[in-house]
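The values are calculated or read from the model by the stated rules, or taken from the named source; none is laboratory data. Remember, predicted model here, so these are calculated numbers, not experimental data. Positions of Cβ are generated from backbone atoms using ideal geometry, with glycine treated the same way; all protein chains shown enter the neighbour counts. Note: areas computed on protein heavy atoms with side chains; ligands, DNA, RNA excluded. Shrake-Rupley method; radii C 1.70, N 1.55, O 1.52, S 1.80 Å.
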Amino acid sequence: MPSIIDKLIAGCGPKHAHAAVAKTMSAKLPEGLGTLPLITRKNIVEYEPKKVEALRNISKALGGSWTFNADFVKIYGAIPNEDHKQRLGEIVYGSYLMEFADNIESKASDSMFVEFLNAAAPNKKITFTAGTVDPENPGDRYHDIDFKDGNINITASAESFWTNVNQVGYHIDKKLLT
């Protein structure tokens, strides 16, 4: 079974492995990520530009400066798929957050939607985790959204993680009305 370093070298090639390890080890990661495997931390760092791009698009669509916080340690512990655990940056930033941004942008031409969403999430913060999603969730059994504590809180199904990602946020307008 290959070690984490072997997987890292295979992912970027032996010529660039030292630089990749150094970059990952010295990168500023959110607190607590040091407990995650190196290959997972490397993936999160590599996909940070997708997070920046998505937040720029969300902020432009909704106004103000929006932030995003993913509980990577909790997600890592909740999801069963080992491959997904190594690709958390790609999945969370590159898939879930980018698709959420696309869905927000597609609805932002409706000024009433923008007004209601900003009122429901005055902190202009999006949180993301993986856990249990209500199977009776209107419109989407793979993701759930709520507005507790003045944030947009997204929960992806841990058992069906990285499934129907294009639907995350698609029904957010219905959630605003409940």
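Simple spin-label estimate for K107 and L176 gives 0.6 nm between the two label positions (7 Å along the Cα-to-Cβ direction from each Cα). Only one residue of G131, M98, N69 has its Cα farthest out toward the positive end of the dipole of the range 32-138, where Lys and Arg carry +1 and Asp and Glu -1 on Cβ, and that residue is N69. Let's test the formula: R0 of 22 Å, r as the Cβ-Cβ distance of E90 and R141. What FRET efficiency results, to the nearest 0.05? So, using R0 = 22 Å, E works out to roughly 0.45.
Overall, the accessible surface of the range 54-170 at a probe of 1.4 angstrom is composed of carbon and sulfur to the extent of 46 percent.
Between N81 and K125, the modelled label-to-label distance comes to 2.9 nm, taking each label 7 Å out from Cα in the direction of the beta carbon. The charge dipole of the range 26-115, taken about its Cα centre with unit charges on the Cβ atoms of Lys, Arg (+1), Asp and Glu (-1) only, comes to about 300 debye.
Summed over the residues of the range 139-178 and divided among them, the accessible surface reaches 50 Å² per residue at a probe radius of 1.4 Å.
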